[in-house]
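Right, one structure below, let's go through it.
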Amino acid sequence: METRLHSFMDIFDCAFESETGPVTIQKIVIPMIQRDYAQGRRNPEVDRVRKRFLESLADAVSGRPIALDFIYGDIDERGVMTPLDGQQRLTTLFLLHWYAAKKEKAPEEEWGFLRNFSYETRYSARDFCMELTAFAPSFQGRISDEIINQTWFPLDWKKDPTIRSMLVVLDEMDERFREIGDIWGSLKRNAVTFYFLPIKDMGLTDELYIRMNSRGKPLTRFEHFKAELERDIKAVDGAAAERIMAKIDREWTDLLWRYCDKENAAPDDAVPDEAFLRYFNFICDMLCYKKGESPQGRSGDELDLLQRYFSGDPVEAAENIRIMEDCFDCWCTTAGYASAADFLTNVMSHRHERGKIVVESRYQIDIFGDCIRLYLDRNRFPLNRFVLFYAATYYLRNADTVTHGEFARRIRIVNNLIQNSADEVSDRIDRNRIPAILAQTEAVIMTGTTDDSIENSFNVNQIQEEKDKIEFLAQNPERAQELYELEDHPMLRGQIAILGLENLDLKERFESLFSCGWDWIDRALMSIGDYGQQERNKWRYQYASRSWQLAWDELFHKSANSGFDRTSQILVELLSGHESFDDKILEGIVNAFLTECEQKKEYPWRYYYVKYDVFRPGSYGKLSNACADTKPYLFSVMQTRSQWSQNTYMPYLKAADEAHLSKDDMGQRLVYGDRYIECENDSYLVKTDDGKVVDTIPIEQNEEGVDTQDRIVKLKNYIRWEMTP
């Protein structure tokens, strides 16, 4: 079987065996049964492929020779070769050799072989090739314009799709090759070669030739990718190329096909080719982060990724090839489990189960399936999923070193770190922590603990908590399940600092408490003490919410807010008062506090918070007060997460007379015609439109600055008698 490399020049001088003896190729003819030349079509996918191919050819004539894939064809007794596969490449090579010969004025005896390339798809394409070979452009403008203006070019040739494509390719070829010198010389030195295999050597029949070419379908995006992948790997490691291409056709495709049938409810577009490319994209992003870089702002085109990670430096490319192969192989074997899904359902769950970690219910348990379906959608496969998937993949790649039992414990640590590092798991222009986070993930999976030498990875508070847990369980292994159950509570999600290891005995009480209504819990906590936390900006405060989990997350997960220890102390005090909780018990705590205040005639700020619903609207739990130390009553209720809006309001005013609350003034005034009422720390002020104070409504307070009368009741009475007509 003849499989040596040929160039477009020397193929015409080579002899091949035929049924009648040796025969030399005299002519290459694209037969009528072949489709039109397609590499010049105008659509995004063809544009992408054409650009890539021309770039490869430009690199080849600039010093990086290229060997194209096999071209198959039939050679008759007259020496006429008709290609079975490779028409598109041969046509582009014909155009490249024509361009180089005409641009560099090569002698006719060198380029004369171009007359031996022809099309029989249409007479117009055949005649165009003949006329083009004889034509020498001036290269002063667009080549296509100059060709179309020739007397030998009938206007109806513009309708021929093959000719249209050739003109597009010639224009783009001129744009890309214009500044490159000695193109013809490079082609003569075999800068571009290909393998040619006669159809008779393959044992193929003419019937198969007709059947293969009757499809008339262009190569798919994946077929282009696969061809370049094989070429790039082969340039680094021929044995690896042969092995990997075989796996793509067998084991790896089998793996991906499992996600492409209706029984698994995969989306219609989750065909193996697209699934492969998504997972390949994940692997390349992983390689990028492992180099300490970021894929943000870079091309995600799979052909560009091939060039970046699997070409160039042979040592680096060889290592990346090995990693890619490992990343596919490990999900085929899955450490002895029947499938990727089987493995993942044994380590992950949507609720607490022994030996498993908890993932959010909005995500699928089968994170591998999610990756091959959704990877390029950052909203549906965000960075926290990227890191968790990386951890699972890294374990499978090292399953001969790490036992499954060790992995079950270690993936819990990683999951805790991920869930409590929402701000840190980020890749931004000013801060890309993912390289350090992946390194820390590897350390945990391989050793069972974090690596202190890795800086700026996960949240520092959570890293310290995980260290404390490791030490605690080393001394108290019998309490592992108790700890894991507490970690998996939906109000904690891996961080137990709000209770602390020293209060692990309160786990069941905590579970009982949070089976109650959140608003009752909120009011009961405030009845014990002001549990709110001041944010770093010093004017915004975090409290709980009757309906938003986010508010509780902000309270129960240690951050830069001040007051976390106070929140913890109040929570522990509440839990210590009862062995179990229900709404009635919490209502009793609330009523006892309110009654005590009313009997003493002392109304601290938190009295109003507990008694009046307007302080607890059920949104983000945000209150604002820029001078809380000196004016503790002047908290405004926000209903957005970070900024004031028209829905912000002073709660005393809203509770007294919501109908006259001015949204235009951010809820800080009650407006009555040409007068309005504002709130001060120890009074209300009645003002005219020009800001002149016309009345003051004092709030009686004791020496500690605590109200001794309910300021909301007092304002209601004033409005009834003084502001109502």
**Item:** Unit charges on C-beta of K, R, D, E only; dipole of segment 649-725, Debye
**Value:** 320 debye
**Request:** Mind scanning LYS611/LYS714; LYS467/LYS558; LYS601/LYS622; LYS27/LYS102 and naming the pairs with a C-alpha gap bigger than 24 Å?
**Result:** LYS601/LYS622
**Complete:** Sorted on mean Cβ neighbours within 10 Å (highest first), peptides 574-584, 86-96, 607-617 come out as 86-96, 607-617, 574-584
**Message:** Please give the charge dipole size of segment 350-456, origin at the Cα centre, charges +1 on K and R Cβ atoms and -1 on D and E Cβ atoms. Round to the nearest 20 debye.
**Reply:** 420 debye
**Placed amide H near TYR633: partners under 5 Å, 5+ positions off or other chain** = none
**Asked** Using modelled backbone amide H atoms (1.01 Å from N, in-plane), which distant-in-sequence or interchain residues come within less than 5 Å of ALA497's amide H?
**Response** none
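In percent, what relative contact order does segment 356-430 have, based on Cα pairs under 8 Å that are 6 or more apart in sequence?
Details: 32 pairs, mean separation 27.3, N = 75.
This gives 36 percent for segment 356-430.
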**Fill in**
When the charge dipole of the chain is computed with +1 on Lys and Arg Cβ and -1 on Asp and Glu Cβ about the Cα centre, the Cα farthest towards its positive end, among PHE222, ILE719, VAL192, belongs to ILE719
**Request:** Enumerate the amide H contacts of TYR684 below 5 Å, restricted to partners 5 or more residues apart or on another chain; note that Pro and chain-start residues carry no placed amide H.
**Result:** ILE697, ILE699
**Request:** With a/c under 1.5 counting as rounded, go ahead and sort segment 579-661 into rounded, prolate or oblate using the C-alpha gyration tensor (a ≥ b ≥ c being the square roots of the eigenvalues; past the cut-off, prolate if a/b is larger than b/c, else oblate).
**Result:** prolate
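Would you mind working out the magnitude of the charge dipole of segment 56-160 relative to its Cα centre, with +1 at each Lys and Arg C-beta and -1 at each Asp and Glu C-beta, to the nearest 20 Debye? Intermediate results must be reported in sequence, preceding the final value.
Working: 12 positive and 17 negative charges, 71 e Å.
The calculation lands at about 340 debye.
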**Request:** Using the Karplus curve 6.51 cos²θ - 1.76 cosθ + 1.60 with θ = phi - 60°, work out ³J(HN,Hα) for each residue of segment 421-436 in order, rounded to whole Hz, and write x for Gly and Pro.
**Result:** 9, 4, 7, 7, 6, 8, 9, 10, 4, 8, 6, 10, 8, 4, x, 5
**Request:** Among SER545, SER62, SER311, rank each residue by its count of other Cβ atoms within 10 Å, from fewest to most, as a rough exposure measure.
**Result:** SER62, SER311, SER545
**Item:** Helix axis angle, 583-600 relative to the chain longest principal axis, alpha carbon, degrees
**Value:** 50 degrees
**Fill in**
Under the helix-only model (-39500 (n - 2.57) for each DSSP H run of 4 or more, divided by the residues of the chain), the mean residue ellipticity at 222 nm, to 500 deg cm²/dmol, is -14000 deg cm²/dmol
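Would you order ILE570, ILE30 from fewest to most other beta-carbon atoms within 10 Å of each residue's own beta-carbon?
Working: ILE570 20, ILE30 25.
By the 10 Å Cβ count, ascending, the order reads ILE570, ILE30.
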**Request:** Counting other beta carbons within 10 Å of each Cβ, put ARG397, ARG176, ARG42 in order, fewest first.
**Result:** ARG42, ARG176, ARG397
**Item:** Summed residue charge, Cβ within 12 Å of TYR279's Cβ, Lys/Arg positive, Asp/Glu negative
**Value:** -3
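For segment 673-725, run through the trypsin sites (Lys or Arg not before Pro) and keep only the ones in DSSP coil with at most 13 other Cβ atoms within 10 Å of their Cβ. Show your work: numbers first, answer last.
Working: sites: ARG675, LYS687, LYS692, ARG711, LYS714, LYS716, ARG720; in loops: LYS692.
Here the trypsin sites (Lys or Arg not before Pro) that fit, given the DSSP loop and packing criteria, are LYS692.
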**Request:** With a ≥ b ≥ c taken as the square roots of the eigenvalues of the C-alpha gyration tensor of segment 339-385, please select rounded if a/c is under 1.5 and otherwise prolate if a/b is larger than b/c or oblate if it is not?
**Result:** oblate
**Asked** How high is the relative contact order of segment 228-459, in percent, counting Cα pairs under 8 Å that sit 6 or more residues apart?
**Response** 17 percent
**Message:** Over segment 228-459, how many pairs of lysines fall under 26 Å by alpha carbon, counting only those 8 or more apart in sequence or from different chains?
**Reply:** 5
**Request:** Step through the residues of segment 102-118 one at a time and calculate ³J(HN,Hα) from phi using the Karplus curve (6.51 cos²θ - 1.76 cosθ + 1.60, θ = phi - 60°), rounding each to whole Hz and writing x for Gly and Pro.
**Result:** 6, 5, 9, 6, 5, x, 4, 5, 8, 9, x, 4, 4, 5, 8, 10, 8
**Request:** Give the relative contact order (percent, whole number) for the chain; include only Cα pairs under 8 Å separated by 6+ residues.
**Result:** 7 percent
**Asked** Per-residue HN-Hα couplings for segment 290-307, Karplus 6.51 cos²θ - 1.76 cosθ + 1.60 at θ = phi - 60°, whole Hz, x for Gly and Pro?
**Response** 5, 8, x, 10, 10, x, 4, x, 9, 5, x, 4, 4, 6, 5, 5, 4, 5
**Request:** Return one number: the angle in degrees, 0 to 90 and rounded to the nearest 10, between the long axis of the Cα atoms of helix 314-333 and the longest principal axis of the Cα atoms of the chain.
**Result:** 70 degrees
**Asked** Summing Lys, Arg as +1 and Asp, Glu as -1, what charge do residues with Cβ under 15 Å from the Cβ of ARG126 carry, ARG126 excluded?
**Response** -3
**Request:** Highest first, please rank the peptides 661-670, 145-154 by the mean number of other Cβ atoms sitting within 10 Å of their residues.
**Result:** 661-670, 145-154
**Complete:** Labelled set (i) 28; (ii) 18; (iii) 48; percent of Cα pairs over 45 Å apart computed from this model equals the value at (iii)
**Prompt:** Once the Cα atoms of helix 123-134 and of the chain are each reduced to a long axis, what angle between those two axes, in degrees from 0 to 90 to the nearest 10, is obtained?
**Reply:** 80 degrees
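Which order, highest average first, do 445-451, 472-478 follow once you tally other Cβ atoms within 10 Å for each residue and take the mean per peptide?
Details: 445-451: 16.9, 472-478: 10.7.
Those peptides, ordered most packed to least, come out 445-451, 472-478.
Here, each number is a calculation from the coordinates, and none is a lab measurement. Note that this is a predicted model, so its numbers are computed, not measured. Note that we place each Cβ from the backbone using ideal geometry, even for glycine, and neighbour counts take in every protein chain shown.
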